[in-house]
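Notes follow the structure.
The values are calculated or read from the model by the stated rules, or taken from the named source; none is laboratory data. From a predicted model like this one, the values you see are computed outputs, not experimental measurements. Every residue, glycine among them, receives a Cβ derived from its backbone with ideal geometry; neighbour counts consider all protein chains shown.
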């Protein structure tokens, strides 16, 4: 047994006094109720925010760069890590893996990927490790150990063997989800949704009622119902005149003020959850307070205030984990210019500015757009 193995075993035996277990659900010290991440995602606004962030990050290109000692950088498409980013998992392409990783971090505050290595120690794949199955231990040396089960088999990984993406942490070691920090808000939104669902399941509210001055005999009651059903019920009878006799009158019924207040509260809960995730409401199809100005700026706010911090976290996490011991001059970038892929006008306007400023030439623009260099025109008098 090597000295390294003996050291690791000694650290493992003495780690129990310095161990801690992460929280698998949404909680707060004074929260009125425990709400799991799965239950929180039943809220359409939570699902929409998590999907908007994780799916957008998954759709952005990611590159490996070689940084020169004197400054400047060049893309390194032939570097092994660049190849890993293109094919990170035997069954999961990069967009699927990134979407999973980001969603785990948004819901639980932590997302863990195992660095699968070949016998030479090179990283050849990234394997998802669901956070609810992970227990983290801090060893006496200060290093972290990750204990989890995979297919019923206990596994242990040291911190250099994982990529651990964290939301804001309280202890600097393990992240805490934004949902747990706003547990009261999430719990209230969840209770409000349950109340609304039960209201529709258990209460039937008619559109109106027929009032009679005296009691109706069963035959008259049945006849009146039949006549109304035949005369005004259904799409074909819409707009017909209702004729009542026998001293009866029609009284319309509308939604009560209490029910209207519940609807307003549900709309407000959408805004609250958008604030938790720093997602502009129009991104999750909430156009309640839209104007032309803020609607056109929503994508810019989303990119600047939400996606950019997450992209920076991902870049730093991957660079520290993948280039920690080798290739210190390498870096990783999540290219936010990929957001322009769906906006042809903005994309070509930015290309035009780059050419006019002398930053890029037309052939470089063609390469960015996936086209080859422009063919040289034959000179006058030459054979085509």
Could you give me the residue pairs with C-beta distances under 8 Å whose first residue belongs to the stretch 50-78 and is not assigned by TED's automatic domain parsing to the domain that holds residue 97, whose second residue is assigned to a helix (DSSP H, G or I) wherever it lies, and which are 6+ apart or on separate chains? none
Given the structure, is residue 371 closer than 30 Å to residue 158 by Cβ and either in a loop (DSSP other than H, G, I, E, B) or modelled with pLDDT of 90 or more (or both)? no
Just for the stretch 37-73: of the residues that are surrounded by 16 or more Cβ atoms within 10 Å (Cβ to Cβ) and part of a loop (DSSP other than H, G, I, E, B), which one is modelled with the highest pLDDT? 60
Give me the residue from the stretch 148-157 that is within 21 Å of residue 97 (Cα to Cα) and touching a helix residue (DSSP H, G or I) at 6+ places or on another chain (Cβ under 9 Å) and, out of that set, modelled with the highest pLDDT. 148
Checking residue 293 against (1) modelled with pLDDT under 85; (2) within 22 Å of the chain's Cα centre (by Cα); (3) in a helix (DSSP H, G or I); (4) over 24 Å from residue 64 (Cβ atoms), which test does it fail? (2)
Any residue in the stretch 133-144 that is closer than 27 Å to residue 36 by Cβ, under 26 Å from the mean Cα position of the chain (by Cα), surrounded by fewer than 18 Cβ atoms within 10 Å (Cβ to Cβ) and modelled with pLDDT under 95? yes
Scan the stretch 301-314 and tell me whether some residue there is under 18 Å from the mean Cα position of the chain (by Cα) and modelled with pLDDT under 85. no
Residues of the stretch 74-92 that turn out to be closer than 16 Å to residue 315 by Cα and either in contact with a helix residue (DSSP H, G or I) (Cβ under 6 Å, 6 or more places away or on another chain) or surrounded by 15 or more Cβ atoms within 10 Å (Cβ to Cβ) (or both), as a count: 6
Conditions (1) surrounded by 15 or more Cβ atoms within 10 Å (Cβ to Cβ); (2) more than 27 Å from residue 82 (Cβ to Cβ); (3) in the same structural domain as residue 82 (by TED's automatic domain parsing) -> residue 172 fails only (1)
Within the stretch 95-110, count every residue that is touching a helix residue (DSSP H, G or I) at 6+ places or on another chain (Cβ under 6 Å), assigned to a helix (DSSP H, G or I) and farther than 11 Å from residue 55 by Cβ. 4
When residues of the stretch 318-332 are filtered for being in contact with a helix residue (DSSP H, G or I) (Cβ under 6 Å, 6 or more places away or on another chain) and either surrounded by fewer than 12 Cβ atoms within 10 Å (Cβ to Cβ) or not in a helix (DSSP H, G or I) (or both), how many remain? 2
